[in-house]
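Since the structure comes first, as structure tokens, the remarks are kept for the end.
Read the figures in this text as sums done on the coordinates, not as results from a lab. Everything quoted here is computed from the prediction, not taken from an experiment. Here the Cβ positions follow ideal geometry from the backbone for every residue, glycine too, while neighbour counts run over all protein chains shown.
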Amino acid sequence: MTKVLKQLILICLSMIIIFPAAAMGVKDTVNDIEVEKEIPETVYIEDSMGNQVPLPAGTDRIICTNSGLSVLLAALGKGDSIVGRDSNSTFPSYLKDIYVVAENSSRPNIELILEKHPDLILADNMMPETAFNKFRSLGIPVAIFKTSDPRAFEHTILNVGALTGSSVQAKRMVDDMITREKKITDIVARAQAAQNSGVRVFYENRKPYSSVSARSGNHIPLAAAGGINIAADEPVSSPHLSIEYVLEQNPDVIIRRMSGDGSVEDMQVMLDLLVNRTGIGRVNAVVNNRVHIMKSDLTLLLRYPAALAYMASWFYPDYADEIDPEGVHKNIIDTYFGSEEWEKTKEIFVYP
């Protein structure tokens, strides 16, 4: 992501587009004399879907239906402006007290959202077109952003910053993410140079034997952390692999992506079900106890460097102490949410 972020920074900063209003001025009368009265320009940003979104008049009432975007808003100092959230937006901890108006972006409760009289709605690209059109028809700005593809992170952060009047903080956040990622990838480069063979990885994406190819944004952290994705060359972004293919590829590490706020017990059950599938017990990852569960929230936007650090430590365990994934994660939390939030959250994001 580092190279991509650097290459895109000029493009992202230019995404804030200013379009003039229908007329630059109107005639008004003062003391029976016609004078030109200037109309303020309308400022737009472009969201991840190419929609032109007008900057809202205020951002005191924001609806957010994506947990990654909720974390981003909180880190930008706009957490207190969230008046409605999705069921997965439970971090930082104070978001749990905010009213739930959607299961996620794909299942918004339009009636509950409208009751909150939002200035702005933020969602991911799973929002139904019917809901999107309904909100827009009522004059409510709706911005759709990609939150799980590292190639879009800089664009998302900078434009959410622009929408909420937090552009300076957003630029600092992007720079911070680049710095954190580089520290990890530098260690990975040394680890790769010292190891004769690569680390083969099976990334299971939420469903048994569903994976990701190089076409998917979820492939990027695997490669950046020094893994060789066994599904990289598949012709579709979300391929379904056969057990025979997985056995043939014989991955050294398996990562199972988990959605939602599951407990440690839930993660253990998921792990047990995976390693006890017929035949899979023969692959190196299972034989050597290198199967891990990772919650999807960890890979979204702000906490992406922590996800990268955990993956790198699993791929190169001899360098785990130097990578220090938990330290990376805690430092991100301390930096943006205060030193007390780590203890308040008490949520496990990876297992084991």
Which count do you get for residues in the stretch 69-95 that are small (Gly, Ala, Ser) and farther than 15 Å from Thr164 by Cβ? 4
Please go through the stretch 126-142 and give me each residue that is closer than 15 Å to Gly68 by Cα and surrounded by fewer than 23 Cβ atoms within 10 Å (Cβ to Cβ), ordered by number. Met126
Scan Ala307, Ala223 and give me the residue that is closer than 26 Å to Leu158 by Cβ, surrounded by 24 or more Cβ atoms within 10 Å (Cβ to Cβ), of a type outside the set (Val, Ile, Thr) and in contact with a strand residue (DSSP E or B) (Cβ under 9 Å, 6 or more places away or on another chain). Ala307
Helices (runs of 4 or more DSSP H) wholly inside the stretch 234-352 containing at least 2 residues that are closer than 27 Å to Thr179 by Cα and touching a residue at least 60 places away in the same chain (Cβ under 8 Å): 304-315, 320-323, 325-337, 341-345
Check off (1) more than 18 Å from Pro305 (Cβ to Cβ); (2) touching a residue at least 24 places away in the same chain (Cβ under 8 Å) for Ala194 and give me the number that stays unchecked. (2)
Please report, ordered by residue number, the strands (runs of 3 or more DSSP E) entirely within the stretch 112-215 with at least 1 residues that are among the polar types (S, T, N, Q) and within 30 Å of Asn289 (Cβ to Cβ). 199-205
